[in-house]
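To keep things clear, I will list the structure first and then write my remarks on it.
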Amino acid sequence: MREIIETVVWALVIALLVRYFVIEGYYIPSSSMAPTLVPGERVLVAKFIYRFTDPSRGDIIVFRYPIDKRRNLIKRVVGLPGERIEIRDGKVFVNGVPLEGELFDRTYYEAGYYGEGEHIVPENSYFVLGDNSKNSDDSRFWGYVPRQNILGKAFLVYWPPQKIRLLH
């Protein structure tokens, strides 16, 4: 009986450590990241990755909502610390140059205080946008994500099973 209890306790400890420090699953509740992520999908998030490196433009991150740290959000990193960001003519401009490539091949709407005009991303902060700009509450409205709020990088859709895929 003692061996069974020890095994169960160690299994729980390992599972909690993995969930807290390594990988955790998150549910997608809204269409703010559509078509990349749709409501009902679940993603795996590497929680350890940003202990070794900084977030990069294009990363899909999970973070504590700056206005209510009890809530977690998922968005795409668009602006890095120190960069000038402007949304104009349906495109995001970084330091005066429009973002290009399949990750940013969508229309972005000028809305909210930070979505109109040019703004500089503060040090240790990131500018994030939902892939579904028309339907996303993101940095355009509430500002920047502090580095310490970032929980990890989403890298895999694991639910539903017919939609399993790596994210980029």
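The values are calculated or read from the model by the stated rules, or taken from the named source; none is laboratory data. Remember, predicted model here, so these are calculated numbers, not experimental data. Glycine also receives a Cβ, built like all others from the backbone with ideal geometry; neighbour counts cover every protein chain displayed. Ligands, DNA and RNA are stripped out before the accessible areas are found, and what is left, the full protein with its side chains, is counted by its heavy atoms. Shrake-Rupley method; radii C 1.70, N 1.55, O 1.52, S 1.80 Å.
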Next on the checklist: If you roll a 1.4 angstrom probe over the protein chains with everything in place, what fraction of the accessible area of the stretch 20-168 belongs to carbon and sulfur, to the nearest %?
Outcome noted: 52
Next on the checklist: Give the residue list of GluC sites (Glu not before Pro) in the stretch 48-119 that are DSSP loop and have at most 12 other beta-carbon atoms within 10 angstrom.
Outcome noted: GLU100
Next on the checklist: Using a 1.4 Å probe on the protein heavy atoms only, what accessible surface does THR7 show? Give it in Å² to the nearest 10.
Outcome noted: 90
Item to check | Segment TYR158-ARG42, extension gain: residue separation times 0.36 nm, minus the distance between their alpha carbons | outcome: 41.2 nm
Checklist entry - In Å², what does the accessible area per residue of the chain work out to with a 1.4 Å probe? => result 57
Item to check | Label of the coordinate-derived value, percent of Cα pairs over 28 Å apart, listed as (1) 26; (2) 17; (3) 13 | outcome: (1)
Next on the checklist: Through the Karplus equation 6.51 cos²θ - 1.76 cosθ + 1.60, θ set to phi - 60°, convert the phi angles of the stretch 77-88 into ³J(HN,Hα) values in whole Hz; use x for Gly and Pro.
Outcome noted: 6, 10, x, 9, x, x, 7, 8, 10, 8, 9, 8
Checklist entry - With the Cα gyration tensor of the stretch 113-159 giving a ≥ b ≥ c as the square roots of its eigenvalues, does the rule (a/c under 1.5 for rounded; else a/b larger than b/c for prolate; else oblate) give rounded, prolate or oblate? => result oblate
Checklist entry - Taking the stretch 36-74, which trypsin sites (Lys or Arg not before Pro) meet the DSSP loop condition and have no more than 13 other C-beta atoms within 10 Å? => result LYS69, ARG70, ARG71
